[in-house]
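The values are calculated or read from the model by the stated rules, or taken from the named source; none is laboratory data. In this text, all values refer to a predicted model and were calculated from it rather than measured experimentally. Heads up, the Cβs are rebuilt from the backbone with ideal geometry, glycines too, and the neighbour counts pull from every protein chain shown.
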Amino acid sequence: MTKGVKIIAAAILILLIGSVIAVVIGFRPSDKKIVKILQDNKVIYTLDLSNENDRTFRIEAVNGGWNDITIKDGRICVSCADCPDQTCVNTGFLRSEGVPVVCLPHRLVIRFADEEKK
């Protein structure tokens with residue numbers, strides 16, 4: 001191998017390792033317990049999952065659709081929805097700060113809060 005090929009191979013290896021580290025850090029489970037539920041980019045609920053009882057409630061969308069939100073064992077998910085693709089339901093429980101639960105047809109987002117509730 002020539003010197004140029006070795007340099008390119010090393011650069012590719014460094015980029016690959018850096019990408020893997022970034023993905024692992026981005027998908028690590030969060031220890032936060034405060035979540036925000038947003039609809040049309042407006043906060044409609046701020047919940048402290050450590051203080052919430054297990055329950056299910058419905059959020060109605062302005063377009064007539066709905067999402068059932070379930071809180072169980074200090075975790076939150078969209079358990080049922082009338083949207084066609086069911087991506088929000090298939091996402092499962094909110095686990096990571098980098099990956100929110102999103103329902104695009106109903107413009108609903110569930111994510112960990114940036115700052116703790118006061």
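Remarks
- Matching option when the condition is out of contact with any Leu (no Cβ under 7 Å at 6 or more places or on another chain), surrounded by 11 or more Cβ atoms within 10 Å (Cβ to Cβ) and basic (K, R), among K36, K42: K36
- Cβ pairs under 7 Å, 6+ apart, first in the stretch 6-28 and surrounded by 11 or more Cβ atoms within 10 Å (Cβ to Cβ), second modelled with pLDDT of 85 or more: F27/V99
- Top-ranked residue of the stretch 95-105 - restricted to ones that are of a type in the set (A, V, I, L, M) and either without any contact (Cβ under 8 Å) to a residue 60 or more places away in the chain or not assigned by TED's automatic domain parsing to the domain that holds T56 (or both), ranked as nearest to N63 (Cα to Cα): L104
- The conditions of being touching a Ser or Thr at 6+ places or on another chain (Cβ under 9 Å), more than 16 Å from Y45 (Cβ to Cβ) and surrounded by 15 or more Cβ atoms within 10 Å (Cβ to Cβ) are met by V89.
- All positions within the stretch 1-49 that are of a type in the set (S, T, Y), farther than 19 Å from G98 by Cβ and at pLDDT below 90: T2
- Residue list for the stretch 30-64, filter: touching a strand residue (DSSP E or B) at 6+ places or on another chain (Cβ under 7 Å), under 17 Å from L104 (Cβ atoms), touching a residue at least 24 places away in the same chain (Cβ under 8 Å) and of a type outside the set (A, V, I, L, M): Q39
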